[in-house]
Every structure is written in C-alpha cells, then in structure tokens.
1. Accessible area per residue of segment 14-139 at 1.4 Å probe, in Å²?
2. Ignoring ligands, DNA and RNA, what accessible area per residue does segment 154-195 give at 1.4 Å, in Å²?
3. List every residue whose amide H lies under 5 Å from the amide H of Gln182, counting only residues 5 or more places away in sequence or on a different chain, with H placed 1.01 Å from N in the peptide plane.
4. Go through (i) 165; (ii) 280; (iii) 256 and flag the label whose value is the computed volume of the Cα convex hull per residue in Å³ for this structure.
5. List the relative contact order of segment 150-271 as a percent without decimals, with contacts defined as Cα pairs under 8 Å and 6+ residues apart.
6. What ranking, highest mean first, results for peptides 116-125, 160-169, 198-207, 63-72 when packing means the other Cβ atoms within 10 Å averaged over each residue?
7. Quick check: residue separation of Lys222 and Asn120 times 0.36 nm, minus the Cα distance between them. What number comes out in nm?
8. Skip the ligands, DNA and RNA, and give the accessible area per residue of segment 252-292 with a 1.4 Å probe, whole Å².
Amino acid sequence: MPPGADTVVMQEKVKVASSSGSEDELIIEDENIRPGNNVRPRGSEIKGGSIALAKGSYLSPAAIGFLAGIGITKVNVYPKPSISIIVTGKELQQPGKPLQYGQVYESNSFALKAALEQLNITSIKISWADDELEILKTILAEALEQSDVVLLTGGISAGDYDFVLQAATECGVQKLFHKVKQRPGKPLYFGIKGRKPVFGLPGNPSSVLTCFYEYVIPALEKLSNKKSAVKSINVSLAKSFQKAAGLTHFLKGFYDGNTALPLDAQESYRLSSFAKANCLVQIDEEVTVCRF
C-alpha cells in the first residue's frame with residue numbers, strides 16, 4: 001500500500017467526476033467504509049516463527065498451495081512404500097492360458113495389486129517363483145534390495161515344497177511370528193530385515209486377502225503415516241453363526257448399514273463370496289455361538 005494509506009476501496013464503489021476548471025474528482029460511494037477495509041495485514045496468513053503445518057499433517061492440495069504461497073519449496077514427507085509381490089507355486093497358470101493337469105489359475109497377484117492401488121500405492125513389482133529353494137532365495141534377495149515391503153504368497157505351510165520360511169531365514173530376515181490362531185490364514189508369517197517388513201501370506205486366495213486387510217494394511221499405514229479407509233465397527237449379525245472355540249474367524253460378509261450378514265462359501269480357496277463382500281466379520285477365538 002502507498003505510504004500513509006490504511007484502507008482499500010473496491011473499484012466498484014468509486015467513480016470519477018469531472019468539473020469545469022478543476023481536476024477530476026474521485027468520489028467514494030461506500031456508506032460502510034471503515035479504516036482497514038479490504039486490507040490484508042502483514043502476517044495475517046501466518047506469523048513469523050509460527051509452525052505452518054504440524055508434523056504428520058496430510059498434504060492435501062490446499063496444504064500444498066498454502067506452503068507454496070508462503071514460499072516453501074521443500075518439506076520432509078513419508079513416501080509411499082514400494083512393494084514386491086512374490087507368487088510361489090508350480091501349479092499356477094496365468095489367466096488366459098489353457099490349464100494343464102493339476103494347474104489352477106493364479107489370482108493372488110491380481111487381487112493384491114488391485115488392493116494396493118486402492119491405497120494409492122503404485123510402485124509394485126510382481127515376480128513368480130517355482131517351488132525351488134534357490135530360485136526363491138534369489139528372487140527374495142532381489143526384492144529385499146529393491147522394495148520397502150515384500151509380500152509372498154504360498155509356500156509358508158508345512159508341505160514338502162513350502163520353502164518361504166527357509167528362504168527368508170537364509171536371506172537374513174528375522175522371523176517375528178509364524179502361524180496365527182485364526183481362520184482363514186493360519187500359516188501367516190511375518191519377519192523383518194532392517195526396517196523392511198516381510199509377509200508370508202498363505203496361498204489360498206481368500207486367506208491372502210484376509211491377511212492383507214488384517215495385517216498388511218496396518219503395517220502400510222505405519223510406514224506411510226496415513227490411515228486407510230478400512231475401519232472397525234461393532235454391529236449385530238443378520239443371522240446366527242456357530243463355530244468351535246480355538247480360532248478367531250474372519251468371515252466374508254455384507255454390511256447393509258445396520259447389520260452384517262455372513263455369506264456362503266467361506267472356504268479359504270473360494271473368492272466368489274469375497275467378490276460380493278464389503279466387510280470381514282470377526283468372531284473371536286473363544287466365541288462359539290453368535291445369535292442375531
């Protein structure tokens with residue numbers, strides 16, 4: 001503002017009038033004019049020495065514009081983690097190719113990639129490994145070098161060709177736990193190398209997605225310091241359910257806004273019910289009967 005000025009009048013509120021024998025006059029037609037009107041005081045956006053955005057703030061488009069508007073060019077952020085998916089199993093065939101005897105179509109990489117993309121994670125590398133220890137070790141070692149998180153599917157149970165646990169150990173991964181008292185997904189493995197989490201997800205498709213939502217997403221939230229859209233709520237069941245004690249159950253379900261309905265086809269190899277589900281219904285280990 002010019003020296004000595006303290007108020008700004010909108011152009012629409014003034015007019016220029018000419019009078020004979022004198023200079024033009026500027027006439028203000030604003031009955032509500034007050035000192036300081038339409039002035040942006042220095043420091044009104046943010047005072048010098050103040051914190052612009054607290055640590056952990058979400059960088060929304062407005063936040064980025066705000067920082068740029070006060071001259072900030074660089075900030076420290078939590079980056080989106082890069083992910084390696086390693087799919088194990090000689091019996092797996094790519095969709096679109098004819099099935100040979102003993103083969104099934106591989107779906108886990110497609111489901112996991114889609115789930116990660118829903119979290120806005122796009123740095124995803126997918127590898128396939130036969131059930132051979134040395135091959136798996138080579139692929140895992142490379143993934144640990146290139147990615148922040150490694151997800152393996154299959155090869156973590158007790159079969160003769162389940163080499164994930166051994167491969168992880170020989171690649172320097174520290175095992176934190178193996179096997180969880182739950183269904184589906186009991187063989188779940190979790191380890192860490194340095195600061196890199198390694199998940200050994202069971203091979204059955206329903207187990208893979210269940211363990212992803214229950215365990216992998218919370219880990220990714222910690223790494224990126226950002227909450228996902230997944231949340232937990234307590235609701236009533238739309239029909240009764242009975243199970244034996246000893247395992248926590250995660251049932252594919254449909255939540256209608258009031259109650260949750262456990263769906264049919266709960267077996268760990270079946271995805272048809274998962275494709276229709278919009279929630280997982282958790283029935284705790286000690287619970288044997290749930291009545292609606």
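The values are calculated or read from the model by the stated rules, or taken from the named source; none is laboratory data. Since the structure is predicted, the reported quantities are computational estimates derived from the model, not experimental observations. In this analysis, Cβ positions are derived from the backbone assuming ideal geometry, glycine residues included, and neighbour counts consider all displayed protein chains. Just so you know, the surface numbers come from the protein's heavy atoms only, side chains and all, with ligands and any DNA or RNA stripped out. Shrake-Rupley method; radii C 1.70, N 1.55, O 1.52, S 1.80 Å.
1. Result: 72 Å² per residue.
2. On a per-residue basis, segment 154-195 sits at 58 Å².
3. It is Thr248, by chain and number.
4. Comparing each candidate, only (iii) matches the computed number.
5. Values: 182 pairs, mean separation 28.8, N = 122.
Once divided by the residue count of segment 150-271, the mean separation gives 24 percent.
6. Sorting 116-125, 160-169, 198-207, 63-72 by mean packing, highest first, produces 198-207, 160-169, 116-125, 63-72.
7. The span from Lys222 to Asn120 would gain 35.2 nm if fully extended.
8. Solvent-accessible surface per residue comes out at 64 Å².
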